[in-house]
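Scroll down for the structure; my scribbles are underneath it.
The values are calculated or read from the model by the stated rules, or taken from the named source; none is laboratory data. Just so it is clear, the structure is predicted and the values come from calculations on it, not from any experiment. Glycine gets a Cβ as well: all are built from the backbone with ideal geometry, and neighbour counts include every protein chain shown. With ligands, DNA and RNA removed, areas are computed over all heavy atoms of the protein, side chains included. Shrake-Rupley method; radii C 1.70, N 1.55, O 1.52, S 1.80 Å.
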Amino acid sequence: MPRVTITPNVCEEERISELVRCCKEYRYDEVMFFVNAENLYRGFVEPSSLASQVALIKRAKQSLAKEGIRTAVNPWSSIGQVEWGEKPDSYAFRRMVGADGETAKTTACPLDEEWKKYILGYYSYLAEAIAPETLWVEDDFRLHNHGALHWGGCFCKEHMKLYCALLGKTVDVKTFTRGMATNAEGGAYRRAYYEVNRREMRALSEYFGNSLRKRFPKMKIGLMSSDPKLHSIEGRDWKGVLCGLGGDTPIDRIHLPMYRQYCAQDYCWNFNDVSMSTRALVPENTTVLPEVENAMFSPYTKSVSTTRFQVESSLALLPKGVTLDLDCFAGNGIVAEFGYGNALAEIKDYLNAFLDLDLRFSQLTGISVLVSEDVFLRSKPCSDLNEMRMEENWWASYFASAGIAYRYKKPSDRKNGALAVSGEYLNGLSDEEIEKLFAERFLILDGNSVEILFARGLNGLIGAKRYRVLHWEAGDYSFEQAEEGRVYLGIKKCRVSATVTCPAYVQIEYGLLPNVYTRIYDCYEKEVGTGLVRGDGFLIFPFLSCGKQHGMLASMRVEALKTALSEAGVPSLVYTEKPYVSVYYYEGDQFDVAFLVNFSDDQYREIALNGVNQFKKVQTLSRDNGTWQDVETNSKGHKTIIKTTLSAATTVTLKIFKK
């Protein structure tokens, strides 16, 4: 679904005609029209002033409908997208106040009653005049990332009254936001901000959604979302907000984190951190339409191949379609010369055939990585909200990059199997809950989790006596080496650097030494401590996880980790053998589906899948025509070689029929 702007009195008939032609040629089945967007954004306008724009969209809708193409409408701003100068308007809405106490020029406070009435009237005007298939609420329906505001808001007097009521005392904005950042008074400041905004934004969604659905029952209401870690700070109730707007049919345009082209390997990390975690947080029945963006709207910014790859790889989210923000906001309509449309049309049969599998996100299997809405409440203290870091998704990005199948799971999901924990997750559990996890699950822990166990006096759960955090910058250590008798990369005593692109190392002294896979050494080749170890019911990856640090994905470390997981007999362990060939594995009754995404620049003539060896046959889905074809396989032990080509920046979909 392309998102387009066509402006009144600027070649409008020509551009409507070209839009219809492009949609037919590119096999688009719906068009989303911007209203009052970006380059033409004029602030809080009187809805009736949009009459000429609305009339144009209605004419375009009629032309599109003749070809069976639906129309959606996207008012580009609600609370406020940008702070680009003063936008004169006749509305005296209370403005949002940032974390430093400064007041926005054009961004509204979402508690302002007059603003709420205005937005409802604005949406109602567009709904009545255009009768769109879907009305889209834009991603500025949030509290963070509002133009020039410091972090976001809102810290106006009305909001502060609500925060202070929960806090139990009156404080100023500076004290309150500092308390949020530093997690003061046992998290009381964070909890007050989180709970108030969770309640108020849910109520606001219900206010808009209930009113619009009652008056326009045939119209669907969707939302564009942002990074869920940032939404966590403002207490985003994913089900409450999406269902508040959309009712029984929640709809979300999930953010695909690539405004401008960068290397696919890094996109792998960010896609699994942001997009996949969003999919896990929204209700399973959500209609997902991930958004491919291009800023600033040109193949010079993002290539045709990369754009196609983003669409193709987003199938891991089990979408019902995709939205395309590829053409300029200023009013060009679709720009055929860019070449995006034809490239996407070439894989339309493949995309549709994948969707015909009708998979459910709950079918995804692999090592579990817990994801939750309240990660902000336990994230580490910092000096400013803009410095907030949350690393609980770290293992998901790591596993995907290493080719290990994983699944995000909410804490309420009590399924058995391996569970990977990073960041501050354990600090959200009681001692009893942590002990229960160790009793029931195989745990994969990073260095941050080890620190928490010691701080809580639970280090006995990993048989550890003491620990120290060491830093390569201080010369404390230099490289990691395979444990005696273990061979990685076909090399005895294989070594890999532990400096420069590696985080701090957690030196742990164990009582009873676990199974050791690597050890850490200094520049004098003197042993500093154990590296990767596996004990009874746990595995320790002894580094402080902190975003993507490329050294952690060194081939030796990845092979050592896969070896340890295999020897542990981790259930549902499936992995590939090539860098950045991610596998998303969906279990079914008659057949499983392995969706392989090549986030690398390399082509492979065959694919090795470990953990898949009991099956009748394997079929691959043709990217050329969307048909299923039998494929040759060769199994040995736990490994199966799939005789099919996986080209750079493409995907392969496999049906694995069970015996």
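Between Gln629 and Glu567, the simple spin-label model (points 7 angstrom out along Cα→Cβ) gives 4.1 nm. Arg605: net charge of surrounding residues, Cβ under 14 Å, Lys/Arg +1, Asp/Glu -1, itself excluded? Net of charged neighbours comes to -2.
Given their separation in residues at 0.36 nm each and the Cα-Cα distance between them, Asn515 and Lys410 gain 34.8 nm when the chain is fully extended. Pairs with C-alpha atoms separated by more than 20 Å, drawn from the list Lys410/Lys658; Lys116/Lys320; Lys492/Lys562, are Lys410/Lys658; Lys116/Lys320. What FRET efficiency do you get for Gln590 and Lys348 if R0 is 22 Å and r is their Cβ-Cβ distance, rounded to the nearest 0.05? Computed FRET efficiency for Gln590 and Lys348 comes out at 0.25. Between Glu435 and Ser48, the modelled labels are 7.0 nm apart [label points 7 Å from Cα along Cα→Cβ]. Our coupling estimate for the range 500-515, obtained by passing each phi through the Karplus curve with A = 6.51, B = -1.76, C = 1.60 and θ = phi - 60°, is 6, 9, 10, x, 5, 9, 9, 7, 10, 9, 9, x, 9, 5, x, 5 Hz, Gly and Pro reported as x. When the alpha-carbon atoms of the range 467-555 are used, the pair Rg, Dmax equals 12.4, 34 angstrom. Of the residues Gly637, Pro110, Thr7, the one whose Cα sits farthest toward the positive end of the charge dipole of the chain, with +1 on the Cβ of Lys and Arg and -1 on the Cβ of Asp and Glu, is Gly637.
Can you compute the charge dipole magnitude of the range 314-430 about its Cα centre, using +1 on each Lys and Arg Cβ and -1 on each Asp and Glu Cβ, nothing else charged? Give it in debye, rounded to the nearest 20. Write down the numbers at each step before the final one.
On the way: 11 positive and 15 negative charges, 134 e Å.
Here the range 314-430 has a charge dipole of around 640 debye.
Each residue of the range 545-638 gets 151 Å³ once the volume of the Cα convex hull is shared out per residue. DSSP beta bridges confined to the chain are antiparallel in about 65 percent of cases.
Shown in residue order for the range 72-77 are the 3J(HN,Hα) couplings computed by the Karplus curve 6.51 cos²θ - 1.76 cosθ + 1.60 at θ = phi - 60°: 10, 10, 10, x, 6, 9 Hz (x for Gly and Pro).
When all alpha-carbon pairs of the range 268-322 are counted, what percent fall beyond 14 Å? Everything past 14 Å amounts to 57 percent.
Once the 1.4 Å probe is applied to the protein heavy atoms, the chain comes out at 39 Å² accessible per residue. Working note: Cα gyration tensor of the range 1-71, eigenvalues times five, square-rooted, sorted largest first, giving semi-axes of 22, 12, 11 Å.
The fraction of accessible area contributed by carbon and sulfur in the chain is 47 percent, rounded to a whole number (1.4 Å probe; ligands and nucleic acids excluded). The modelled label-to-label distance for the pair Thr170/Arg59, using points 7 Å beyond Cα in the direction of Cβ, is 5.9 nm.
Close amide H contacts of Phe543 (hydrogens built in the peptide plane, cut-off under 5 Å, sequence separation of 5 or more or a different chain): Gly447, Val506. Protection proxy ranking of 486-498, 527-539, by the mean of other Cβ atoms within 10 Å over each peptide's residues and highest first, is 527-539, 486-498. Using only Cα atoms, tell me the angle between helix 12-26 and the longest principal axis of the chain; keep it within 0 to 90° and round to the nearest 10. Value to nearest ten degrees: 40. Between 0 and 90 degrees, rounded to the nearest ten: what's the tilt of helix 304-313 against the longest Cα principal axis of the chain? So the inclination is approximately 70 degrees. The length gained by stretching the chain between Arg27 and Thr103 to full extension, at 0.36 nm per residue less their Cα-Cα distance, is 22.8 nm.
Using the Cβ-Cβ distance between Phe454 and Asp536 with R0 set to 22 Å, the FRET efficiency from 1/(1 + (r/R0)^6) comes to roughly 0.75. Compactness of the chain, taken as the C-alpha radius of gyration over 2.2 N^0.38 Å, stands at 1.01.
From the largest down, the range 171-291 spans 47, 44, 23 angstrom on the principal axes of its Cα atoms. In this structure, the amide hydrogen of Gly222, modeled 1.01 Å from its nitrogen in the peptide plane, lies closer than 5 angstrom to those of Leu135, Trp136, Val137, counting only residues at least 5 positions away or on a different chain.
In straight-distance terms, cross-link reach from Lys643 covers every one of the aspartates and glutamates whose alpha-carbon lies under 14 Å from its own, apart from those fewer than eight places away in the same chain; here that gives Glu606, Asp630, Glu632.
In a fully extended conformation the segment linking Lys66 and Gln363 would gain 103.0 nm over its present Cα-Cα distance, using 0.36 nm per residue. When the Debye formula is applied to the Cα atoms of the range 349-411, each taken as the same point scatterer, what base-10 log of I(q)/I(0) results at q = 0.11, 0.15, 0.20 Å⁻¹? Summing over Cα pairs of the range 349-411 leads to -0.41, -0.66, -0.90. Backbone phi angles across the range 257-266, fed through the Karplus curve with coefficients 6.51, -1.76 and 1.60 (θ = phi - 60°), yield HN-Hα couplings of x, 7, 6, 10, 5, 9, 5, 5, 4, 6 Hz in residue order; Gly and Pro are listed as x.
Summing Cβ point charges (Lys, Arg +1; Asp, Glu -1) relative to the Cα centre of the chain gives a dipole of roughly 1020 debye. Between the helical axis of 51-65 and the longest alpha-carbon principal axis of the chain there is an angle of about 70 degrees.
Partners of Lys229 within straight-line reach, counting aspartates and glutamates whose Cα lies under 14 Å from its Cα and excluding those fewer than 8 residues away in the same chain: Asp237, Asp273, Glu373, Asp374, Glu387, Glu391, Glu392, Glu424. Could you sort out which of Lys239/Lys659; Lys239/Lys548; Lys105/Lys161; Lys578/Lys636 sit more than 28 Å apart by Cα distance in this structure? Going by Cα-Cα distance, Lys239/Lys659; Lys239/Lys548 fall outside the 28 Å limit.
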